[in-house]
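These notes are about the structure you will find just below.
Every number in this text was worked out from the coordinates using simple rules, so none of it is lab data. Everything numeric in this text was worked out from a predicted model, so none of it was measured. Here the Cβ positions follow ideal geometry from the backbone for every residue, glycine too, while neighbour counts run over all protein chains shown.
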Amino acid sequence: MSRSLLLISLLLCLLGAAHAALAQQRLVHSERSLYREVLVYENGDVRCMCFTRNCRVGRQSCIDTRHPDKIVMRYPQMMLGALFVNPAPQSVLIVGLGGGTLPRALRQILPNARIDVVEIDPAVVRVAHRYFDFAESDRTHVIESDGRVYVKRAQRSGQHYDLIMLDAFDHEYIPEHLLTQEFLLEVKSLLTPQGVLAANTFSSSRLYEHESVTYAAAFGKFFNLKRDNRVIITRLGALPDDAQLRATARQFAQPFDTFGFDAAEILPLFTQERDWDPRARVLTDQYSPANLLNLER
Amino acid sequence: MQTALAYLIAGWSGFFVMAVELLGGRLLAPTFGSSIYVWGAIITVFMLALSLGYLAGGRYSMNAPSVRRLGAILAIAALTVVPLLLFAEPMLDALSVAVPDPRFGSLLSALTLFFVPTFFSGMVSPYAVRLLVQDRRNSGRHAGQLYFVSTFGSAAGTLLTSFYLVLLLEVNQILLGLLLISTVIGVAAWFVHAPRNENEQ
């Protein structure tokens, strides 16, 4: 009896907490697209883009409305660590726009670089413009296309990039054709000789092992940055050593400071430790059950 | 035996069509993505091919129907998947260059890759109805049972492929497995003689 009472009161507390959390979030905008519902919520000064009601399954992108330069979420901070490997890219490809945090930050650091962003969902592009301070220019282009379709097209027209960022994944759904060895090799073929790849990926579930061996099959060694999310950073040829990384990281202390984080915090995340099962099956166009693998903890 | 085989062929054909349809999405994704319109293109082609297959199967059943021939239709449907196994990738690359719009590119690709096997699969059901129905009174019941078996097969093919098979096997391995099972059933039907249907006219 007392146990069930305890359970009930616990449940009530949980409900109350959930209600309080929801009450703080205000829905600012929502629109349906071909792919999903794009929602914008505000919680104090923080405005976020979500693809699920009340951001139930993670937030896609956030902005601090009072300090729009600040990078609120942690994974874009890690993605910018790619600059430690190649500090001055002249051309950048970003797959997946979200709220446009990455192109906005890169535009500030690299005023002259060409930045191409591929986004499949026109609604996301509209919302990024309207609510997330994202702007296109003669040097920042958005291409509305499937990531893989664009990469193949770029490959055929002989384009190359100094920095490629893959940010097309969601906690809930992975476009499986963007997580195969063939896709990564196509991406690799777009890199210039000094080009760098940064990918925002998964840190939990059985998929971790498969994803790791797939990146290893396409690129050999890579930096494996883990903190909430997992970010993979790699390039053609040998990876830089710690001293080189530290030297380039110093260049970014000041700009990263304006984004509200410390370059020195990102640096220690660069590790090459292989903490996965090397016998896991490589994901290919023929074998790509990424979403099924992501279900298994 | 005849009856059982006719049902088996119809049920397996249902399984086969849906498994190929799901794997079709897999084959097109690297070239055209996996947007709703890619699925739309695939489903359109499957429905169109099935509908025309129904017409053709009904027509073909007018002329000396037999379980043998029904098995042959199943085997032909399976064999027309072979080009898909061998040439899907270069074909898709060529088609995506010829038609860069991902909607019409995927529609044309689905048409090229999946129309023929699905057309032959569509022939199976009406042809099997002809073998099963003996009198008018029972015709609805037989047709109902046949729809049941064939659509139940489709449900099983959809579930098994999307929940389990893609986790265990490569796309081409699954296609090859489907093809072999169809061929085995087709050959089995070929060796079963059909005294009953020869007497009917």
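Obtain the nm distance between the two label points defined at residue A:194 and residue B:151 by a simple spin-label model: each point lies 7 Å from its Cα along the Cα-to-C-beta direction.
6.5
For a Förster distance of 41 Å, can you work out the FRET efficiency between the beta-carbons of residue B:143 and residue A:170, rounded to the nearest 0.05?
Efficiency computed from Cβ-Cβ geometry: 0.35.
So if a site counts as exposed when it's one of the GluC sites (Glu not before Pro), its DSSP state isn't H, G, I, E or B, and it has at most 14 other Cβ atoms within 10 Å, what's the longest stretch of chain A without one?
Segment A:1-171 is the longest.
Normalise the Cα radius of gyration of chain B by 2.2 N^0.38 Å (N = residues in it) and let me know the number.
1.06
What are the aspartates and glutamates whose alpha-carbon lies under 13 Å from the alpha-carbon of residue A:188, with same-chain residues fewer than 8 places away excluded?
Excluding near neighbours in sequence, the set is A:162.
Output the Cα-based Rg and Dmax of region A:139-239 in Å, rounding Rg to one decimal and Dmax to a whole number.
Rg then Dmax for region A:139-239, in Å: 13.3, 40.
Let me know the mean shielding of A:86-96 by other chains, meaning the per-residue number of their Cβ atoms within 10 Å of its Cβ.
0
Which FRET efficiency value, to the nearest 0.05, do you get for residue B:192 and residue B:97 by plugging their Cβ-Cβ distance into 1/(1 + (r/R0)^6) with R0 = 35 Å? It would help to have the intermediate numbers written out before the result.
Numbers: r = 48 Å, r/R0 = 1.36.
About 0.15, to the nearest 0.05.
What average count of beta carbons from other chains do you get within 10 Å of the Cβ of residues in B:168-177?
If you average over the peptide's residues, the count of other-chain Cβ atoms is 2.
Find the percent of Cα-Cα distances in region B:1-100 that exceed 19 Å, and round it to a whole number. Can you show the working numbers first?
Details: 2589 of 4950 pairs.
Taking all Cα-Cα pairs of region B:1-100, the fraction more than 19 Å apart is 52 percent.
With the contact rule set at Cα under 8 Å and sequence spacing of 6 or more, what percent relative contact order holds for chain B?
Contact order relative to length: 43 percent.
Just to confirm my numbers, what's the Cα centroid distance between region A:177-232 and region B:70-115 in Å?
Centre-to-centre (Cα) distance: 31 Å.
Would you mind computing Rg(Cα) / (2.2 N^0.38 Å) for the protein assembly as shown, counting N as its residues?
In units of the 2.2 N^0.38 Å rule of thumb, it is 1.18.
How many Å³ per residue does the convex hull of the Cα positions in region B:123-188 occupy? Show your work: numbers first, answer last.
Working: hull volume 5.8 nm³, N = 66.
Given the Cα convex hull of region B:123-188, per-residue volume reads 88 Å³.
Enter the angle in degrees (range 0 to 90, nearest 10) between the Cα long axis of helix B:136-159 and the first principal axis of the Cα atoms of chain B, meaning the one along which they spread out most.
Result, in degrees: 30.
How far is helix B:171-191 tilted, in degrees, relative to the longest principal axis of the Cα atoms in chain B, given as a value from 0 to 90 rounded to the nearest 10?
Around 20 degrees separate the two axes.
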